[in-house]
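The values are calculated or read from the model by the stated rules, or taken from the named source; none is laboratory data. The shown structure was predicted, so the numbers you read here are calculated from the model rather than taken from an experiment. Cβ atoms come from the backbone with ideal geometry, glycine included; neighbour counts cover every protein chain shown.
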Amino acid sequence: MKVTKKAKQAALKNQLGTNPKWALRALTVVYGYQTADEQGSGVTIAQNGVGFSGMDAEILSSFAEQVERGRTLSPKQMGLLFKKMPRYWRQILDSIPESFNWEPLLR
């Protein structure tokens, strides 16, 4: 069965907004797209279409650094992460291999 981009978008937005494993993994993936300067400063410098937006860069970079240090996010931080991560679905979609099985997410 061919899964449409629209179905993938809906599934990703749902996972990024509700599933801690998906949201945290996506956080670190998108943080990895930030340039070294952006990671060091916690702001968006390059307008290259990847990484965090200017309004999210500081807070989401701090969350990503916290996660990468092995710390957990508080319930309040997770709530904010669930609110912000769905907007990064395109970058996450681009990082998912073609062979990924979408079926479990579409139920």
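Assorted remarks:
- Residues in the stretch 56-107 that are closer than 16 Å to P20 by Cα, hydroxyl-bearing (S, T, Y) and touching a helix residue (DSSP H, G or I) at 6+ places or on another chain (Cβ under 9 Å): T72, Y88.
- In the stretch 1-16, the residues that are surrounded by 14 or more Cβ atoms within 10 Å (Cβ to Cβ) form Cβ pairs under 9 Å with partners that are outside any helix (DSSP H, G or I) and of a type in the set (V, I, T), at six or more places apart or across chains, as follows: K8/I96; A11/V3; L12/I96.
- Residues of the stretch 92-104 satisfying the condition of being part of a helix (DSSP H, G or I) and more than 17 Å from the chain's Cα centre (by Cα): E103, P104
- Subset of the stretch 51-91 (residues that are surrounded by 15 or more Cβ atoms within 10 Å (Cβ to Cβ) and in a loop (DSSP other than H, G, I, E, B)): G51, F52, D56, L73
Residue by residue, here is whether (1) closer than 17 Å to L12 by Cα; (2) free of Cβ contacts under 8 Å to residues at least 24 places away in the same chain; (3) of a type in the set (A, V, I, L, M) holds:
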site	(1), (2), (3)
R69	no, yes, no
S74	no, yes, no
Q77	no, yes, no
F82	yes, no, no
R87	yes, no, no
P97	yes, yes, no
L105	yes, no, yes
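- Search result, residues across the stretch 25-50 that are assigned to a helix (DSSP H, G or I), hydrophobic (A, V, I, L, M, F, W, C) and modelled with pLDDT under 90: A36
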